[in-house]
1. Has the range A:144-159 got at least one residue that is touching an Asp or Glu at 6+ places or on another chain (Cβ under 8 Å) and aliphatic (A, V, I, L, M)?
2. Suppose the filter is modelled with pLDDT of 95 or more, out of contact with any helix residue (DSSP H, G or I) (no Cβ under 9 Å at 6 or more places or on another chain) and open to solvent by less than 40 Å² (accessible area, probe 1.4 Å); does residue A:61 pass it?
3. Only one of B:27, B:35 is free of Cβ contacts under 8 Å to residues at least 60 places away in the same chain and loosely packed, with under 13 Cβ neighbours inside 10 Å. Can you tell me which?
4. Out of the residues in the range B:167-213 meeting the condition of being acidic (Asp, Glu) and out of contact with any strand residue (DSSP E or B) (no Cβ under 8 Å at 6 or more places or on another chain), tell me which one is surrounded by the fewest Cβ atoms within 10 Å (Cβ to Cβ).
5. Could you list, ordered by first residue, the pairs with Cβ atoms under 9 Å in which the first is in the range A:98-114 and at the interface with chain B (Cβ under 8 Å from one of its Cβ atoms) and the second is of a type in the set (Asp, Glu) and open to solvent by 60 Å² or more (accessible area, probe 1.4 Å), at least 6 apart or interchain?
6. Could you check how many residues of the range B:136-166 are of a type in the set (Asp, Glu) and either touching a residue at least 40 places away in the same chain (Cβ under 8 Å) or surrounded by 15 or more Cβ atoms within 10 Å (Cβ to Cβ) (or both)?
7. Just one of the numbered conditions (1) more than 29 Å from residue B:78 (Cα to Cα); (2) free of Cβ contacts under 8 Å to residues at least 60 places away in the same chain is not true of residue B:171; which one?
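The values are calculated or read from the model by the stated rules, or taken from the named source; none is laboratory data. Because the structure is a prediction, the values reported are computed rather than measured. Glycine also receives a Cβ, built like all others from the backbone with ideal geometry; neighbour counts cover every protein chain displayed. Just the protein is used for accessible areas: all its heavy atoms, side chains included, with ligands, DNA and RNA removed. Shrake-Rupley method; radii C 1.70, N 1.55, O 1.52, S 1.80 Å.
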Number of protein chains: 2
Amino acid sequence: MKIGFIGSGNAAQTLGRSLAKAGHDVKLGARTPEKLNAWLDQLHQDERVRVGTVQEAAAHGDILFNATPGTSSVEALSDVGSQVLQGKVLIDIALPLDFSNGELTLAVANTDSLGEQIQRAFPDTKVVKTLNTVSSAIMVNPQSVADGQHDLFISGNDANAKRIVTAILKESFGWESVIDLGDISSARGTEMLLAISSRIYQSRGNMNFNIKIVG
Amino acid sequence: MKIGFIGSGNAAQTLGRSLAKAGHDVKLGARTPEKLNAWLDQLHQDERVRVGTVQEAAAHGDILFNATPGTSSVEALSDVGSQVLQGKVLIDIALPLDFSNGELTLAVANTDSLGEQIQRAFPDTKVVKTLNTVSSAIMVNPQSVADGQHDLFISGNDANAKRIVTAILKESFGWESVIDLGDISSARGTEMLLAISSRIYQSRGNMNFNIKIVG
C-alpha cells in the first residue's frame with residue numbers, strides 16, 4: 001500500500017522502515033527532508049523509504065499516519081489541508097502530552113480526546129486511533145513482549161477503515177490481538193492510559209511493557 | 001483488624017462480608033442503618049458485620065474504607081470530620097463518576113484526582129487509593145478471573161499505610177499482584193482507567209475482566 005507519514009520523528013522512522021520491509025510504498029513527510037539523509041543512509045535495502053515534504057508525503061499515501069506531536073497535530077494537519085486528507089484513512093498515533101505545568105498531563109482528556117479533535121477538524125477523513133498505547137519499539141515488534149500475548153486497541157467511526165488498519169497491524173507488524181473499542185470517542189480511553197503507563201514507566205525504568213485484558 | 005466503612009452500598013457490603021469472613025471486625029456506616037436489616041439477615045454466620053451510623057463506623061475502624069459515591073466523597077468525609085479520620089488509614093475505592101452531560105466521564109481527572117482531593121482535604125489521614133479498577137465481585141475474588149493472574153494497583157503518600165493495605169488485599173481477598181504506582185497523585189492513573197474499562201464493558205457486556213501488565 002502507499003503509506004504517507006505526517007511527521008518524521010522516531011515513531012515515523014520506526015514505523016516507516018517496518019512498513020517498507022513488509023512491502024509497503026512508504027514516504028515520510030518532514031519539514032526539512034535533508035535532515036533525514038544520514039538516517040536513510042543506514043537503512044537496509046529492504047527498509048528503504050522515501051522522504052519528502054509533509055505535503056508530498058500526504059499526497060503520496062492512500063493511508064496516512066499522524067506522527068506529529070499531539071499538541072500541534074491539528075495545526076500540522078491543517079497545513080496539509082483538508083482536501084489532501086479527504087477520503088483517506090488517517091492513523092492517529094499521537095498523544096497530546098502537556099508538560100507546561102511541570103508535570104506530565106494530557107492537553108485534552110476525559111470529555112474529549114485528540115482523536116476526536118482531529119476527526120472534528122477533518123470530517124471527510126477516516127480517523128483511526130491506534131498504537132498510541134505502546135512504545136515505538138513495541139508498535140512494530142509486539143513479539144518482543146510476552147511472546148505477543150497482549151493487546152492493542154483501535155478506535156474510529158468508520159468500520160471499513162478500522163478493518164484496513166487492523167489488517168496492517170496484524171500482517172505488517174504481527175499484532176495478534178487488536179481490540180475494537182468503538183467510535184473515535186473511545187480514543188479517550190487509550191489516550192488516558194498515559195496516566196497509568198507513565199507511572200509504570202517511572203517505576204520500571206523502561207517502556208518494554210504493555211497491558212493485556214484478561215477474563 | 002477493626003475496619004469501618006463510610007458508605008453501605010454494594011461495594012461496602014461485598015467488601016464488608018468478605019473482610020468479616022477473613023476475621024476482621026467490620027462495621028458499615030449507613031445514613032439509615034435499619035435499611036440494611038434484610039441484607040444482614042441473609043448473611044452467613046461467618047460473614048457477620050455490624051451496621052451503624054457513618055459516625056459510628058468511622059469511630060470503630062482503625063482502617064477505614066471510603067465507599068461513598070465519588071462525587072460526594074469529600075462532603076461525606078467532611079461530615080465525619082477530620083478529627084475522627086486523623087491518623088487513620090483511609091482506603092479510597094471511589095470513582096468520581098459524572099453523567100451530567102449525558103455520557104460517562106470523570107468529575108475530576110488528568111491534572112487532579114479524587115484520591116488527591118481527599119488527601120488534600122484530610123492531610124492527617126493516610127489516604128490509599130486501590131480497588132477502584134475492578135468490579136466489587138473481583139475486588140474480593142480475584143481468582144474468579146484468569147486464575148488471579150492480573151494486577152491491582154495502589155497509590156498513596158504513606159509507605160507503611162500501603163504495606164498494611166497490601167497485606168489486607170493479599171491475605172483477606174487473595175490478590176497475588178499489587179503494583180505500587182507511587183504517591184497519591186498516581187491515583188489519576190487508576191481513576192482514568194475508567195475511560196477504557198467502560199468501553200470494554202460496553203463491548204463485552206460484563207465486568208468480569210481486569211488488566212494485567214505484561215513485559
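1. yes
2. The answer is yes for residue A:61.
3. Of the residues listed, the single one that is free of Cβ contacts under 8 Å to residues at least 60 places away in the same chain and loosely packed, with under 13 Cβ neighbours inside 10 Å is B:35.
4. If we take residues in the range B:167-213 being acidic (Asp, Glu) and out of contact with any strand residue (DSSP E or B) (no Cβ under 8 Å at 6 or more places or on another chain), then B:171 is surrounded by the fewest Cβ atoms within 10 Å (Cβ to Cβ).
5. Listed by first residue and then by second, the contacts come to A:111/B:103.
6. Residues in the range B:136-166 being of a type in the set (Asp, Glu) and either touching a residue at least 40 places away in the same chain (Cβ under 8 Å) or surrounded by 15 or more Cβ atoms within 10 Å (Cβ to Cβ) (or both): 2 in total.
7. (2) is the only condition that residue B:171 fails.
Residue by residue, here is whether (1) facing another protein chain (nearest Cβ under 8 Å); (2) touching a helix residue (DSSP H, G or I) at 6+ places or on another chain (Cβ under 7 Å) holds:
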| position | (1), (2) |
| --- | --- |
| A:139 | no, yes |
| A:144 | no, yes |
| A:157 | no, yes |
| A:168 | no, no |
| A:176 | no, yes |
| A:182 | yes, yes |
| A:188 | yes, yes |
